[in-house]
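In what follows, a single structure is set out as structure tokens and then discussed.
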Amino acid sequence: MNAVRAIAERTGRHCLLLPSNRLGLYLALRHWCTPGQRLLMSPISADEILFLVLAAGLRPVIAPLSRRDGNIDAARADLGAVDAVLTTNLYGLPDDVTAFTGKIVIEDVAHAMETSLGGRPLGTFGQAGVFSLSKHPGAGSGGVLAVDDPADLHALERARDLLLEPGVLRNELIAVASSMARQAALRLDLVRPALRLMRALGMQEEREGYRIALRGPDLDLALKQAPELPPFDPWVQADLHDYRTRRGPLARWYQSRRVAKVPRERARRVAGVRRLAELPCAAPAVREQVEQPLFRVPLLVRERDQAIAELERNGVATGYLYDPPYDEYAPGFTEPSPEPEAARWWARHVLPVDPLYAARALPALERLTPA
Ligand SMILES: Cc1ncc(COP(=O)(O)O)c(C=O)c1O
């Protein structure tokens, strides 16, 4: 089944295929918000999310963070002071999305393709839900935007087409082959040599710690052109340089294959979540979500960097670390959280573990001290 049909069936919504989730978030923010509006967002999410919010001409208002789940602490956020909310659903743990009723709500469900809230799939609560095919499906890239009204879908489709760059078959072949190689390395327990090879070949994106370089003066110049997206490409592309490149039949065939695997992996994923939830260092909300096929299980550990190295020795790579929080990372470009401490603590200590590889990870995890 193709990716759009799968998400349409899950959400009961009208869906649009995209080369990435990040392009979909930008399109949704442009469609429902007006430049200059204030957008409440979590301090902990992928780098590109902050930059696409800036590209859309919005003012990022950084929310207090919940220590339970690493999402916006809705009870402590000043909802009266914002026009719109962008949820994160970090690692698949659901945001308290019903608390934002009455605001424009855009749901980033990149990590939450399989998460429900009160029996209702995430991605169906806000004006738009934006899925990522590189997360649960592991398709290397791809996104799906889900909306209620076909008229919105058509407007978003036209806006998408104006931003798409033409595809190049050779690049698409390389991208699909690299994703297949990554999946094979994981299955065959070859993560360590694969990571070493990628580092030797310079295939990993350059970072300062866990974030891409901010380049503040250049960002100031790009901001003068907001809400145009292309001036923000150097930031929004982060680790996916072809994030707004049109995909052809090969990528779509691969995405369909990978999306078809998601339901088949569901039971294994939930079993992994259950095992990891028993660890004393599991984030508190994980224990209430043991039936959800989370993307990653967040643990909160004292010695995170040592744990990452130990996991790598066991054949488990760690990714999706968003440290420091946005307001510390990009102070001049965000309205800071009134209570930054919880986010700082969470960003420093969280260790996201893939529940599909819980058995491989557990020997290293059982020795860890909770943060
Ligand atoms: C929370 C979150 N949202 C969105 C994205 C962007 O997804 P995509 O790579 O499909 O643009 C990521 C990517 O890592 C992510 O972690």
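A short reminder: the numbers here are calculations on the coordinates, not readings from a lab. Note that the structure is a prediction, hence the values are computed from the model and not measured. Note: ideal-geometry Cβ built from the backbone for every residue, glycine included; neighbour counts use all protein chains shown.
Some points to look at:
- Gyration tensor (alpha-carbon) shape descriptor, the chain, a/c threshold 1.5: rounded
- Here the label points at Glu312 and Arg120, each 7 Å from Cα along the C-beta direction, are separated by 4.3 nm in the simple model.
- Estimated dipole of the chain in Debye, rounded to 20 [Cβ of Lys and Arg +1, of Asp and Glu -1, Cα centre]: 1380 debye
- Considering only the stretch 1-100, percent of DSSP beta bridges that pair antiparallel, nearest 5: 10 percent
- Taking 0.36 nm per residue of sequence separation and removing the Cα-Cα distance, the Ala151/Ala177 pair yields an extension gain of 5.7 nm.
- Cα gyration tensor shape for the stretch 263-365, rounded if a/c is under 1.5, else prolate or oblate: prolate
- Note on the stretch 84-137: Cα convex hull, mean projected area over all directions, 3.3 nm².
- Average projected area [Cα convex hull, the stretch 1-78], square nanometres: 6.6 nm²
- For Lys135, the lysines whose Cα comes closer than 16 Å to its Cα, not counting residues fewer than 8 places off in the same chain, are Lys261.
- Antiparallel content of DSSP bridges confined to the chain, in %, to 5: 55 percent
- Highest to lowest packing among 99-109, 294-304, scored as the average C-beta count within 10 Å: 294-304, 99-109
- Residues in the stretch 72-90 that a label on Thr101 would reach, taking backbone N under 17 Å of a point 7 Å out along Cα→Cβ: 74-75, 79-80, 85
- Within the same chain, lysines fewer than 8 places from Lys224 are excluded, and of the rest, those with a Cα less than 30 Å from its Cα are Lys103.
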